[in-house]
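Novice: So that we are looking at the same thing, I have put the structure below in structure tokens.
The values are calculated or read from the model by the stated rules, or taken from the named source; none is laboratory data. Source: prediction; values computed, not measured. Using ideal geometry, Cβ is built from the backbone for each residue, glycine included, and neighbour counts are taken over all protein chains shown. Keep in mind that these areas ignore ligands, DNA and RNA; they rest on the heavy atoms of the full protein, side chains included. Shrake-Rupley method; radii C 1.70, N 1.55, O 1.52, S 1.80 Å.
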Amino acid sequence: MLIRVGSRGSRLALTQAERAASRLRAPGIEIALVPITTSGDRDRTKPFGEIGSRGVFVKELEEALLEHRIDVAVHSAKDMTSSDPDGLCVGAYLVREDPRDALCGADGIRAGMRVGTASARRKAQLLALEPTLSIEPLRGNIDTRLRKRGERGLDAVVLAACGLDRLGLAHEIGHRFEPEELLPEAGQGALALQVRSGDAHLVAAADHEDTRGRVEAERAVVAAVGGGCLAPVAAYHDGTTLTGLIAAEDGSWLERRTGEDPAALGAELVRLAER
């Protein structure tokens, strides 16, 4: 049996796809990796809001699934929209790795630093921590962003710790932000294996129940808020407590709340933002 596994074509994405493939390989199962370019990959200069509101790194993979060009799509769960398109579902979440954000180039945040990130969530929380920071837009794959830090004279860049770890670049990390400092993106640190509805059996053996429960709760908070990857919204479940956050992009206000019900927590965040 041949299982076609779709992935973005970056070094990190292919590394992640190979991790997923290793969990799917079994006697009688052949795996073919299928690199697919997404809209987020094609345009690495414009802000995300100018190339698509959400899911700019997953849309083409989802289309390939629906058109039966691939059988499994491997996503960084944090890149996904808060709900799956009709006809698709997440058949498995691999064991979650480090969900934290990482500061590269410095061992901590200091007044007046120039910090690179394209994430509205990171920008809002960084400015709430230190309002004198200069947050500068920075896009590209991990290697590109690390290189641009030096080329542009930035003091630091903020990236997902898990991506650096997966590429053997943990030595680039000067500080890992605890969730109390920067609340992670919903799903950060987890890999999601998306399939067509009815095909979950293809990947079911790779599913990690605890990761699924936590990530699905986080995604449900974001869905209730109506945010997505552009909104300064965050949600993280540490295994005990579900925390949600909503903020102004300039960090001028930030609200963080905990709760057991994702929908109720998301609704509370919306009310706080509307005050």
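Novice: With charges set only on the Cβ (+1 for Lys and Arg, -1 for Asp and Glu), what does the dipole of the chain come to about its Cα centre, in debye to the nearest 20?
Specialist: I would put it at about 740 debye.
Novice: Equivalent-ellipsoid semi-axes (√(5λ), Cα gyration tensor) for the chain, whole Å, largest first?
Specialist: In descending order the semi-axes read 30, 22, 16 Å.
Novice: On to the next question. What nm value, rounded to one decimal, do you get for the distance between residue 11 and residue 68 when each label is placed 7 Å out toward the C-beta?
Specialist: So the label points at residue 11 and residue 68 sit 3.8 nm apart.
Novice: Take the alpha-carbon centre of the range 82-121, take the same for the range 219-275, and report the distance between them in whole Å.
Specialist: Between the Cα centres of the range 82-121 and the range 219-275 lies a distance of 15 Å.
Novice: When the chain is fully extended, how far beyond the present Cα-Cα distance does residue 2 get from residue 134, taking 0.36 nm per residue of separation?
Specialist: Additional length available on full extension: 42.6 nm.
Novice: How far apart, in nm, are the 7 Å Cα→Cβ label points at residue 275 and residue 201?
Specialist: It is 5.2 nm.
Novice: Go through 34, 253, 94 and say which Cα lies farthest out towards the positive end of the charge dipole of the chain; charges sit on Cβ, +1 for Lys and Arg, -1 for Asp and Glu.
Specialist: So the residue we want is 34.
Novice: Now for a separate question. When the Karplus curve 6.51 cos²θ - 1.76 cosθ + 1.60 is applied with θ = phi - 60°, which whole-Hz ³J(HN,Hα) does each residue of the range 100-106 get, with x for Gly and Pro?
Specialist: Per-residue couplings from phi come out as 7, 7, 10, 9, 10, x, 7 Hz.
Novice: Given 0.36 nm per residue, what is the gain on full extension from residue 176 to residue 33 after removing their alpha carbon distance, in nm?
Specialist: Full-extension gain reported as 48.3 nm.
Novice: Going highest first, how would you order 10-16, 180-186, 166-172 by mean Cβ packing within 10 Å?
Specialist: For the peptides 10-16, 180-186, 166-172, the packing ranking is 180-186, 10-16, 166-172.
Novice: Here's another thing I want to ask about it. Quick one: pull the percent of accessible area on the chain belonging to carbon and sulfur, 1.4 Å probe, ligands and nucleic acids left out.
Specialist: The C+S portion of the solvent-accessible surface of the chain is 49 percent.
Novice: Can you pull a Stokes-Einstein diffusion coefficient for the range 153-275 at 25 °C (0.890 mPa s), Rh from Kirkwood over Cα pairs, as a whole number of µm²/s?
Specialist: Answer from the Stokes-Einstein relation: 153 µm²/s.
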